[in-house]
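To keep things clear, I will list the structure first and then write my remarks on it.
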Amino acid sequence: MIRFNDLELGKDADTGGQTLYVLELARALARLPEVSRVDVFTRRVIDTGVSPDYGETIEKIDDTLRVVRINAGPEEYIPKEQLWDHIEEFTDNIAAFFRENDAIPDIIHSHYADAGNAGALLAKSFGLPLIHTGHSLGRVKRHRLLASGLGSDQIETLYNMSRRIEAEELTLATADKVITSTHQEIEEQYELYHYYQPDNMSVIPPGTDLTTFMPPEGNELQSEIFADISRHLKEPKKPIILALSRPDKRKNITTLIEAYGQSEQLTGMANLMIVAGNRDDIDDLDDNAQEVFHDILVTIDRFDLYGKVAIPKHHSRQDVPLFYRIVALSKGVFVNPAITEPFGLTLIEAAASGLPIVATEDGGPQDIMNNCENGFLIDPFDASSITTALLNLLNSKQLWKQSADNGLAGVREHYSWDAHVKSYLKLIKPLVKRAEPLTLKPIRLTKGLYNDRAIVSDLDQNLIGDDESLQTLIGIIRKQRKSTKFVIATGRSLDSALKLMKKHRIPEPDILIASSGTEIFYAPKLTADKAWLNHIDYNWTPHKIRRLLTNFPGLKRQPKLEQTLFKLSYYIDPQIADIDEINQLLQEEDQSVNTQFAFGQCLDILPLRASKGLALRYIADRWQIPLERIFVAGGSGADEDMMRGNTLAAVVANRHHEELSNLIGGKRIYFAKQKLAAGIIEALTHYDFFNTCRAPQEPEQDDD
């Protein structure tokens with residue numbers, strides 16, 4: 001959940017400091033005269049457990065900046081680990097918003113894996129440059145969770161980790177540039193990925209608002225916030241050691257309390273303040289946060305720290321700068337003891353407020369300390385190293401002042417938003433200049449015909465195999481010709497598809513998507529769509545791919561008939577050849593492609609911007625047919641991206657337990673009881689396709 005007004009940080013594991021980074025970047029970009037508009041897209045949430053603000057479709061900040069909330073999945077709040085089945089719907093609805101509001105951007109910047117997935121699909125569909133910031137990565141998190149004692153199955157159940165990593169690979173394959181906050185992110189995190197491309201990586205440290213985060217003015221101790229803190233402390237005017245984070249085990253708060261509690265010198269000379277999100281009742285928090293607070297309270301009790309530790313229950317984002325200034329005025333220290341910290345936004349906020357820092361040596365704080373020289377790095381697993389660092393700063397007024405002054409100067413030079421967006425614009429301007437966005441020219445409809453919906457089907461394993469039911473289906477389609485377009489989407493080449501259609505007396509479709517989405521032909525003369533070919537030709541070098549895969553174990557080229565300019569087709573033995581290894585080999589040779597596995601033995605290698613799903617969305621735009629009125633009958637794994645999102649989809653009975661079984665549970669995906677064409681007829685009835693044209697559980701749509 002995200003909003004500009006009264007941003008909620010620390011509400012849960014999905015509202016951390018990087019949420020603030022996204023909004024501050026958007027605000028800083030919107031102030032630039034070179035930028036005409038910044039739109040921040042997020043999922044719309046209507047839930048009595050959260051503010052009604054998150055249900056507002058548009059949150060307008062000013063004429064150049066707004067938050068746009070998009071419907072996707074259930075109305076209520078769900079954690080990010082449960083969003084994966086709704087990414088395609090989110091993407092389709094963003095694309096619809098672009099077109100309906102004439103708001104197609106010049107560039108897309110995605111954050112985190114789920115948005116990266118959506119950004120990659122949008123970038124490929126519209127031919128736009130994609131910038132990505134990962135913030136944290138799934139492969140790294142999986143390693144950390146395994147080390148904590150969780151098993152692979154538990155990790156998959158809790159975090160949907162394979163979906164996340166797959167999305168991150170797709171994003172890295174698509175992105176023109178990946179922005180990181182530190183060099184360590186590149187060296188220790190992105191290098192773990194098959195689609196890691198060193199030349200696409202750029203380090204641009206995030207900024208902080210120097211008009212909000214500043215040294216104390218001297219009146220901070222008269223504030224209500226200090227009065228609230230003081231009521232928990234016996235000697236409130238002692239220096240304060242501050243930790244500020246969400247209540248997450250990885251933030252390592254209890255180790256800081258142990259470091260403080262085990263030192264009589266520290267507890268005698270300073271107080272400790274823990275700001276760990278907001279709470280009314282600990283029992284109402286999620287399990288992870290409950291466990292953190294339990295550990296905090298137990299540790300405080302173990303060292304008998306009552307009267308020396310303050311843990312405020314509530315704070316707003318607007319209170320945070322005052323926390324820092326109160327601590328700076330007390331001559332205290334800011335501590336980030338996290339097990340790992342991708343960047344450390346709170347560290348530069350604290351430094352901008354005139355505070356020395358003590359921070360974990362793992363992650364971004366290394367870069368911050370190198371630039372600012374304003375404190376000490378510590379081993380987050382060694383409480384004594386935290387104790388020593390704190391005592392060094394608190395025992396020396398000279399060292400404290402030098403560290404505070406160094407931090408103020410370092411932040412101004414390296415971490416202001418002005419410096420950040422200057423580097424950002426320098427990075428993206430060349431991408432925008434050389435981009436070739438896909439320009440759609442709507443088809444002029446023949447007078448007397450109005451096609452407001454479409455039936456799309458694969459040939460093999462769908463239409464072919466039950467001739468009697470096939471002819472019944474063809475009769476239905478002919479009867480509905482004025483309202484319904486007939487589309488065939490096949491992995492076969494044009495010639496191969498036409499021969500099969502002739503053999504089974506399948507009439508020429510209105511549109512034929514051939515060669516796994518790399519070719520589009522229109523009736524009545526099977527006219528090729530040249531604009532689509534120009535669009536997918538992006539970074540496509542088939543001669544290099546053929547050379548790389550020559551003699552690859554378990555791969556055999558399909559007959560020449562199935563090879564086209566934009567499709568390389570192989571037979572694959574999954575017992576010998578591993579698709580991940582093939583992808584890794586191609587990526588190591590700078591070949592960003594789309595690989596599709598179908599029917600248990602067929603592997604197609606396509607340009608990055610080509611697939612059946614992308615081709616279908618392209619023709620839906622050209623013919624101005626809403627995706628919600630397009631029925632897709634899929635026959636293989638290559639059809640999956642046609643079936644996800646806003647289309648009405650069906651899996652016929654003969655394909656239930658094969659490559660499309662992972663679609664079970666989709667609200668717009670029907671698993672027919674009958675096979676082949678009979679299953680398609682059954683699914684059309686299920687959706688009442690020629691009348692209300694909707695899933696039975698969905699409300700009827702207004703046609704206006």
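The values are calculated or read from the model by the stated rules, or taken from the named source; none is laboratory data. These numbers were taken from a predicted model, which means no experiment stands behind them. With ideal geometry, Cβ positions are generated from the backbone for all residues, glycine too; neighbour counts draw on all protein chains shown. What goes into the accessible areas is simple: the full protein's heavy atoms, side chains included, and nothing from ligands, DNA or RNA. Shrake-Rupley method; radii C 1.70, N 1.55, O 1.52, S 1.80 Å.
What percent does the relative contact order of region 101-167 come to when contacts are Cα pairs within less than 8 Å and at least six residues apart? It would help to have the intermediate numbers written out before the result.
Details: 61 pairs, mean separation 22.1, N = 67.
The value is 33 percent.
Could you work out how far the C-alpha centroid of region 496-534 sits from that of region 624-691, in angstrom?
21 Å
Ranked by accessible surface with a 1.4 Å probe, highest first, in what order do Lys482, Lys237, Lys401 come? Mind showing how you got there, number by number?
Working: Lys482 140, Lys237 170, Lys401 115 Å².
Descending order: Lys237, Lys482, Lys401.
Which of the lysines could a cross-linker span from Lys429 if the Cα-Cα distance has to be under 25 Å and same-chain partners fewer than 8 positions apart are dropped?
Lys124, Lys177
Report the charge-dipole magnitude of the chain in Debye, nearest 20, computed about the Cα centre from +1 at each Lys and Arg Cβ and -1 at each Asp and Glu Cβ.
Roughly 2400 debye, rounded to the nearest 20.
Can you give the Rg to Rh ratio of region 433-561, both from alpha-carbon atoms, with Rh computed by the Kirkwood formula? Please list the in-between numbers first.
Values: Rg = 17.8 Å, Rh = 17.2 Å.
Dividing the radius of gyration by the Kirkwood radius yields 1.04.
Looking only at the chain, where both bridge partners belong to it, what percent of the DSSP beta bridges are antiparallel (to the nearest 5)?
On the way: 24 of 77 bridges.
Taking every DSSP beta bridge with both residues in the chain, the antiparallel ones total about 30 percent.
Full-extension gain between Glu81 and His314, please, as 0.36 nm times their residue separation minus the C-alpha to C-alpha distance.
Values: separation 233, 0.36 × 233 = 83.88 nm, distance 2.65 nm.
Contour length minus Cα-Cα distance gives 81.2 nm.
Using a cut-off of 14 Å between alpha-carbon atoms, which aspartates and glutamates can reach Lys673, once sequence neighbours fewer than 8 places away in the same chain are excluded?
Those aspartates and glutamates meeting the cut-off are Glu682.
Given contacts defined as C-alpha pairs under 8 Å and at least six residues apart, what's the relative contact order of the chain, whole-number percent?
Working: 1296 pairs, mean separation 73.6, N = 704.
The normalised contact order for the chain reaches 10 percent.
Give the accessible surface of region 1-106 per residue, rounded to a whole number of Å², with probe radius 1.4 Å and ligands, DNA and RNA excluded.
Working: 4890 Å² over 106 residues.
It amounts to 46 Å² per residue over region 1-106.
Taking 0.36 nm per residue of separation and subtracting the Cα-Cα distance, what length does fully extending Gln402 through Asp284 add? List each step's numbers first, then the result.
Details: separation 118, 0.36 × 118 = 42.48 nm, distance 4.35 nm.
Stretched fully, the Gln402-Asp284 segment lengthens by 38.1 nm.
Given a 1.4 Å probe and the protein chains all in place, what does the accessible area of His143 round to, in Å² to the nearest 10?
100 Å²
If you wrap region 197-352's Cα atoms in a convex hull and average its projection over all directions, what's the area in nm²? Numbers along the way, then the final one.
Values: hull surface 43.8 nm².
The orientation-averaged projected area of the Cα hull of region 197-352 comes to 10.9 nm².
Using only the alpha-carbon atoms, how far is helix 287-302 inclined from the longest principal axis of the chain? Give it as 0 to 90 degrees, nearest 10.
Compared with the principal axis, the helix lies near 10 degrees.
Can you give me the P(r) profile for region 547-704? Cα pairs, bins 10 angstrom wide beginning at 0, each as a whole percent.
That works out to 10, 33, 31, 19, 7, 1, in percent per bin.
Using square roots of five times the C-alpha gyration tensor eigenvalues, list the equivalent-ellipsoid semi-axes of region 488-558 in whole Å, biggest first. Each step should come with its number before you reach the end.
On the way: eigenvalues 148, 65, 10 Å².
Sorted largest first and rounded, they come to 27, 18, 7 Å.
Suppose only helical runs count, i.e. DSSP H with n ≥ 4. What mean residue ellipticity at 222 nm does that imply for the chain under -39500 (n - 2.57) per run, divided by all residues and rounded to the nearest 500 deg cm²/dmol? Walk me through the numbers before you get to the answer.
Details: 25 runs with 269 residues, N = 704.
-11500 deg cm²/dmol, from helical runs alone.
Largest first and in whole Å, give the semi-axes of the chain's equivalent ellipsoid, each being the square root of 5 times a Cα gyration tensor eigenvalue. Mind dumping the intermediate values first?
Numbers: eigenvalues 581, 126, 112 Å².
The equivalent ellipsoid of the chain has semi-axes of 54, 25, 24 Å.
How much of the accessible area of the chain, probe 1.4 Å, is carbon plus sulfur, in whole percent? Don't skip to the answer; put the middle values down first.
Numbers: 14970 of 31050 Å².
Its accessible area is 48 percent carbon and sulfur atoms.
So, in Å, what gap is there between the alpha-carbon centers of region 342-356 and region 166-235?
With region 342-356 and region 166-235 each reduced to a Cα centre, they are spaced 9 Å.
Below 8 Å between Cα atoms, with a sequence gap of 6+, how large is the relative contact order for region 44-199 in percent?
Details: 196 pairs, mean separation 28.4, N = 156.
Here the relative contact order equals 18 percent.
Roll a 1.4 Å probe over the protein chains and send me the accessible area per residue for region 302-446 in Å². Intermediate results must be reported in sequence, preceding the final value.
Values: 6440 Å² over 145 residues.
Result: 44 Å² per residue.
Can you give me the orientation-averaged projected area of the convex hull built on the Cα atoms of region 186-276, in nm²?
9.7 nm²
For region 371-501, I need the span (max minus min coordinate) of the C-alpha atoms along each principal axis, in Å, sorted largest to smallest.
That gives 90, 39, 28 Å along the principal axes, largest extent first.
If R₀ is 22 angstrom, what is the calculated FRET efficiency for the pair Asn534 and Asp102, using the beta carbon separation as r and rounding to 0.05? Spell out each step's value before the answer.
Values: r = 23 Å, r/R0 = 1.04.
Efficiency for this residue pair is about 0.45.
Kindly state, to the nearest 0.05, the FRET efficiency for Glu413 paired with His183, given R0 = 25 Å and r defined as their beta-carbon distance.
Details: r = 18 Å, r/R0 = 0.71.
Plugging the Cβ-Cβ distance into 1/(1 + (r/R0)^6) gives 0.90.
By how many nm would the segment from Gln601 to Glu468 grow when fully extended, if each residue of separation counts as 0.36 nm and the alpha-carbon distance is taken off?
Values: separation 133, 0.36 × 133 = 47.88 nm, distance 2.81 nm.
Full-extension gain reported as 45.1 nm.
With r as the distance between the Cβ atoms of Arg231 and Ile46 and R0 = 35 Å, compute the FRET efficiency 1/(1 + (r/R0)^6) and round to 0.05. If you can, show how the numbers build up before the last one.
Details: r = 38 Å, r/R0 = 1.08.
So, using R0 = 35 Å, E works out to roughly 0.40.
With every protein chain present, what is the per residue accessible area of region 594-704 (1.4 Å probe, Å²)?
Numbers: 4130 Å² over 111 residues.
Result: 37 Å² per residue.
With labels modelled as points extended 7 Å from the Cα through the Cβ direction, what inter-label distance (nm, one decimal) is found for Arg302 paired with Gln154?
Between Arg302 and Gln154, the label points sit 2.1 nm apart.
Please tell me which of these pairs span more than 30 angstrom C-alpha to C-alpha: Lys80/Lys612; Lys313/Lys397; Lys503/Lys525; Lys249/Lys667; Lys237/Lys422; Lys525/Lys612? Show your work: numbers first, answer last.
Working: Lys80/Lys612 27 Å; Lys313/Lys397 32 Å; Lys503/Lys525 19 Å; Lys249/Lys667 35 Å; Lys237/Lys422 41 Å; Lys525/Lys612 21 Å.
Checking Cα-Cα distances, Lys313/Lys397; Lys249/Lys667; Lys237/Lys422 exceed 30 Å.
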